Amino acid sequence: MEKALPHIKTTLPGPEAEKILALDQQFVSPSYLRDYPFVANRGQGALVEDVDGNTFLDFSAGIAVVSTGHCHPDVVRAIQRQAGTLIHMSGTDFYYPLLAQLAEKLAAITPGNFPKRVYFGNSGTEAIEAAMKVARHYTRRHRFIAFLNCFHGRTLGSLSLTASKPAQRRGFGPLLSGVTHVPFPDPYRCPLGRQSAECDCTCSCIDFIERIFKTTTPPEDVAAIVVEPIQGEGGYVVPPPDFLGRLRELADRHGILLIFDEVQCGAGRTGKMWACEHFGAVPDILVSAKGLASGMPLGVTVARAEVMDWGAGAHASTFGGNPIACAAAMETIRLLEEKYIANAARIGDHILQRVTGWPESHAVVGHVRGKGLMIGIELVKDKETREPHPEARARVIHRAFEKGLLILGCGESTVRLMPPLVIDQEQADCALEILESAISEVER
């Protein structure tokens with residue numbers, strides 16, 4: 001693409017987009033969420049072009065997937081090279097080099113200085129399902145603890161953990177039994193009413209789990225605690241610094257496994273390879289997908305070797321660890337380690353410095369938070385009550401689209417910034433100018 005910044009030349013949606021929208025409405029499942037009528041045609045780096053030739057700055061990254069940007073030339077070459085050699089063989093029944101090599105690499109770069117094994121699937125929800133099964137198999141326990149506002153997927157097991165929005169669960173019960181949801185520590189709006197200090201919120205949430213151990217959820221029945229190191233769909237909520245460490249201690253006291261869902265917050269997005277590295281905590285099982293393969297379908301479950309001790313046939317996937325997805329992942333990891341994790345940290349710091357003052361300068365901005373290029377801007381109706389303002393969020397997102405910026409929401413009223421990790425400072429500044437302009441218009 002010639003332009004490095006957005007350029008809108010038609011009304012939105014344009015005439016070609018209108019044709020696709022009509023076709024989509026007739027034939028595609030209505031369960032998909034679309035905040036605005038963007039119809040993608042091609043992408044390069046942090047820019048995407050629609051079917052009418054309008055160019056947009058992408059701060060959604062395909063929901064935090066295209067970590068190395070759209071169609072990174074090195075990733076494209078790796079995909080093309082592998083497609084010309086071997087497209088599919090199925091690691092379920094056969095061997096091929098890339099599967100073992102990627103497993104070795106993942107074992108090396110994930111937290112924890114201990115032997116590990118890797119299970120390959122096609123998505124985050126599949127990786128969570130595998131984590132749940134391996135946790136039950138190893139512990140011979142059946143219960144799980146998850147957190148309110150969490151998102152772990154939409155298949156039946158992962159949906160039983162998910163507690164993000166009623167629409168995701170409505171009409172699909174009964175779900176998996178034995179899941180208990182507990183409060184997640186949000187320093188801006190502590191779910192247990194502790195607004196005085198971050199440590200109070202952490203202590204309250206940990207104490208809550210200890211209380212349910214004495215009332216409704218026997219700890220000896222709990223296989224695992226499943227947690228996002230930074231909540232994604234729940235609002236890009238960064239927990240207090242000591243929370244994951246305290247959770248690790250609690251799990252160890254009761255012989256419970258700790259599963260970190262790094263599907264959205266991992267793969268370099270926060271300025272470290274894994275978000276849990278910001279907090280110094282190590283899981284027994286780590287789950288990754290999304291940005292791990294730059295848009296190719298891949299989900300992985302990385303566990304302590306002694307935990308992933310199930311026998312042949314216990315769990316498998318025909319397409320999981322597809323050679324092309326593995327090739328894309330190997331190249332993605334190389335690029336992340338070489339430059340894009342550092343870029344995420346640097347540009348993320350720049351963005352956070354620019355938006356830190358927005359709660360003071362904008363009436364609807366209640367809170368700004370994030371790590372690296374995982375940044376949430378929460379909109380509120382009132383600064384004192386902190387009442388969420390989803391209507392303002394919807395208007396801001398749509399107005400940004402009209403100006404050439406693609407963003408999405410999360411939580412009840414948070415705007416999330418999750419661009420490809422390749423963005424430069426000029427693109428970051430352009431996005432912030434558009435976003436702030438949209439916020440200012442909504443405030444009028």
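The values are calculated or read from the model by the stated rules, or taken from the named source; none is laboratory data. Bear in mind the structure is a predicted one, so any value in this text is a computation, not a measurement. As a convention, Cβ positions derive from the backbone with ideal geometry for all residues, glycine included, and neighbour counts pool all protein chains shown. The protein model used for the area step is the full one, side chains on, heavy atoms only, and it has no ligands, DNA or RNA in it. Shrake-Rupley method; radii C 1.70, N 1.55, O 1.52, S 1.80 Å.
Pairs are defined by a Cβ separation below 9 Å, a sequence spacing of at least 6 or placement on different chains, a first member in region 279-294 that is within 12 Å of Gly62 (Cβ to Cβ), and a second member that is at pLDDT below 95 and surrounded by 24 or more Cβ atoms within 10 Å (Cβ to Cβ); no pair meets this definition. Can you name the residue in region 229-240 that is assigned to a loop (DSSP other than H, G, I, E, B) and open to solvent by less than 10 Å² (accessible area, probe 1.4 Å) and, of all such residues, is farthest from Leu292 (Cα to Cα)? Looking at the filtered set, the residue picked out is Pro240. The set of residues in region 241-266 that are in a loop (DSSP other than H, G, I, E, B), surrounded by fewer than 21 Cβ atoms within 10 Å (Cβ to Cβ) and not small (Gly, Ala, Ser) comprises Pro241, Asp242, His254.
Screening Gly157 with (1) open to solvent by less than 20 Å² (accessible area, probe 1.4 Å); (2) under 23 Å from Arg248 (Cβ atoms); (3) small (Gly, Ala, Ser) gives one miss only, at (2). Cβ-Cβ distances below 8 Å connect the following pairs, each with a first residue in region 161-177 that is modelled with pLDDT under 95, a second residue that is surrounded by 10 or more Cβ atoms within 10 Å (Cβ to Cβ) and β-branched (Val, Ile, Thr), and a separation of six or more residues or different chains: Gln168/Thr162; Arg169/Thr162. For Leu57, indicate whether it is within 29 Å of Gly266 (Cβ to Cβ), outside any helix (DSSP H, G or I), open to solvent by 30 Å² or more (accessible area, probe 1.4 Å) and of a type outside the set (Asp, Glu). So Leu57 fails the test. In the set (1) touching a residue at least 12 places away in the same chain (Cβ under 8 Å); (2) part of a loop (DSSP other than H, G, I, E, B); (3) polar (S, T, N, Q), Gln82 fails one condition alone, (2).
Just wondering, is there one or more residues in region 347-369 that are of a type in the set (D, E, K, R) and open to solvent by less than 60 Å² (accessible area, probe 1.4 Å)? So far as region 347-369 goes, yes, one or more of its residues are of a type in the set (D, E, K, R) and open to solvent by less than 60 Å² (accessible area, probe 1.4 Å). Being surrounded by 24 or more Cβ atoms within 10 Å (Cβ to Cβ), out of contact with any helix residue (DSSP H, G or I) (no Cβ under 8 Å at 6 or more places or on another chain) and in contact (Cβ under 8 Å) with a residue 60 or more places away in the chain is true of Asn322. Taken over region 108-118, the criterion of being of a type outside the set (Val, Ile, Thr), part of a loop (DSSP other than H, G, I, E, B) and surrounded by 13 or more Cβ atoms within 10 Å (Cβ to Cβ) is satisfied by Pro111, Gly112. Out of Gly157, Gly153, Gly193, Gly124, I need the residue that is under 30 Å from Pro390 (Cβ atoms), out of contact with any Pro (no Cβ under 6 Å at 6 or more places or on another chain) and free of Cβ contacts under 8 Å to residues at least 12 places away in the same chain. Which one? Being under 30 Å from Pro390 (Cβ atoms), out of contact with any Pro (no Cβ under 6 Å at 6 or more places or on another chain) and free of Cβ contacts under 8 Å to residues at least 12 places away in the same chain holds for just one of Gly157, Gly153, Gly193, Gly124, which is Gly193.
Which residues, counting only those in region 66-86, are hydrophobic (A, V, I, L, M, F, W, C) and open to solvent by 30 Å² or more (accessible area, probe 1.4 Å)?
Across region 66-86, the qualifying residues are Cys71, Val76, Ile79, Ala83, Leu86.
Every condition in (1) touching a residue at least 12 places away in the same chain (Cβ under 8 Å); (2) at negative phi is met by Tyr32 except one, and the failing one is (1).
Restricting the search to region 86-107, which residues are outside any helix (DSSP H, G or I) and either touching a residue at least 12 places away in the same chain (Cβ under 8 Å) or at positive phi (or both)?
Matches in region 86-107: Leu86, Ile87, His88, Met89, Ser90, Gly91, Thr92, Tyr96.
Taken over region 286-316, the residue count meeting the criterion of being among the aliphatic types (A, V, I, L, M), more than 29 Å from Lys339 (Cβ to Cβ) and assigned to a strand (DSSP E or B) is 1.
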